[in-house]
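One structure is given here, and the rest of the page talks about it.
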Amino acid sequence: GLLTGFTHPLTGLDHLAAMLAVGLWSALTTRRIWAAPLTFAGLLLGGALLAQGGVAFPGIEPMIAASMLVVGLLLAAQVRLPEAAGALLVGAFALFHGAAHGQELAGASALLGMVAGTAALHLAGMGLGLLLRARSAWLPRLAGIAVALFGLNMGWSLIAG
């Protein structure tokens, strides 16, 4: 149900790290801090619905690892992309995150809970980003490095395993 869907993004460290990083990066590098997180949440749902409808997504786990690597590097380097480009980039990754969760969750309430849980993580990242924007230049960069290394480790594990 709704609660299962809501807690689902909180239980996977890869999803948790990626969602917080999207919110942090957005808050630190754009004026419309909601554009990338909102696009991510919408395309996350789209990816879940497509997967549940039978659309096969090749390389879901490698793309999730790549999303963490890329978003982590964007955050670490404080890369400022045009808002539409940033939203499209994270949105493309969201399709794969959504497909992964769409294979694990069933029912409309679980999917809505998943989107709400993801939005909550984005909001937490955005809030932290706004808090750190004027206080610390290095903490978000360190968080980005940690997320990128986590994505690199996940990708390496997929290759080696």
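The values are calculated or read from the model by the stated rules, or taken from the named source; none is laboratory data. Computed from a predicted model, the values in this text were never measured in an experiment. Positions of Cβ are generated from backbone atoms using ideal geometry, with glycine treated the same way; all protein chains shown enter the neighbour counts. Each accessible area value is taken on the protein alone, full model and side chains, heavy atoms only, with ligands, DNA and RNA left out. Shrake-Rupley method; radii C 1.70, N 1.55, O 1.52, S 1.80 Å.
Residues considered: GLY42, GLY72, GLY46, GLY125. Of these, the only one that is in a helix (DSSP H, G or I), small (Gly, Ala, Ser), farther than 15 Å from LEU24 by Cβ and open to solvent by less than 40 Å² (accessible area, probe 1.4 Å) is GLY46.
The single condition from (1) free of Cβ contacts under 8 Å to residues at least 24 places away in the same chain; (2) more than 28 Å from TRP156 (Cα to Cα) that ALA56 fails is (2). Any residue in the range 89-99 that is of a type in the set (A, V, I, L, M, F, W, C), more than 23 Å from GLY5 (Cβ to Cβ), within 12 Å of the chain's Cα centre (by Cα) and modelled with pLDDT of 95 or more? Checked the range 89-99: at least one residue is of a type in the set (A, V, I, L, M, F, W, C), more than 23 Å from GLY5 (Cβ to Cβ), within 12 Å of the chain's Cα centre (by Cα) and modelled with pLDDT of 95 or more. Checked against the criterion of being open to solvent by less than 20 Å² (accessible area, probe 1.4 Å) and either over 28 Å from ILE159 (Cα atoms) or not in a helix (DSSP H, G or I) (or both), the candidates ALA65, ALA87 yield just one match: ALA87.
Only one of the numbered conditions (1) touching a residue at least 24 places away in the same chain (Cβ under 8 Å); (2) more than 13 Å from HIS122 (Cα to Cα) is violated by PRO37, and that is (2). Residues of the range 28-39 that are of a type outside the set (Ser, Thr, Tyr) and assigned to a helix (DSSP H, G or I): LEU28, ALA35, ALA36, PRO37, LEU38.
Sub-8 Å Cβ pairs linking a first residue in the range 141-161 that is in contact (Cβ under 8 Å) with a residue 60 or more places away in the chain and over 18 Å from ALA27 (Cα atoms) to a second residue that is open to solvent by less than 60 Å² (accessible area, probe 1.4 Å) and polar (S, T, N, Q), at least 6 apart or interchain, are GLY151/SER67, ordered by first then second residue. Taking PHE57 as the residue in question, decide whether it is in a loop (DSSP other than H, G, I, E, B), open to solvent by less than 60 Å² (accessible area, probe 1.4 Å) and more than 17 Å from ALA27 (Cβ to Cβ). Against the criterion (in a loop (DSSP other than H, G, I, E, B), open to solvent by less than 60 Å² (accessible area, probe 1.4 Å) and more than 17 Å from ALA27 (Cβ to Cβ)), PHE57 qualifies. Within the set LEU24, LEU10, the sole residue that is open to solvent by less than 60 Å² (accessible area, probe 1.4 Å), in contact (Cβ under 8 Å) with a residue 60 or more places away in the chain and under 24 Å from LEU142 (Cα atoms) turns out to be LEU24.
Kindly establish whether ALA148 is under 15 Å from the mean Cα position of the chain (by Cα) and modelled with pLDDT of 95 or more. Yes: the conditions hold for ALA148. What do you reckon, is ALA108 open to solvent by 40 Å² or more (accessible area, probe 1.4 Å) and within 12 Å of the chain's Cα centre (by Cα)? No, not satisfied. Here LEU105 passes the criteria (1) modelled with pLDDT of 90 or more; (2) touching a Gly at 6+ places or on another chain (Cβ under 7 Å); (3) hydrophobic (A, V, I, L, M, F, W, C); (4) farther than 16 Å from VAL147 by Cβ except the one numbered (1). Restricting attention to the range 18-59 and to residues that are of a type in the set (Val, Ile, Thr) and modelled with pLDDT of 95 or more, the residue that is farthest from the chain's Cα centre (by Cα) turns out to be THR39.
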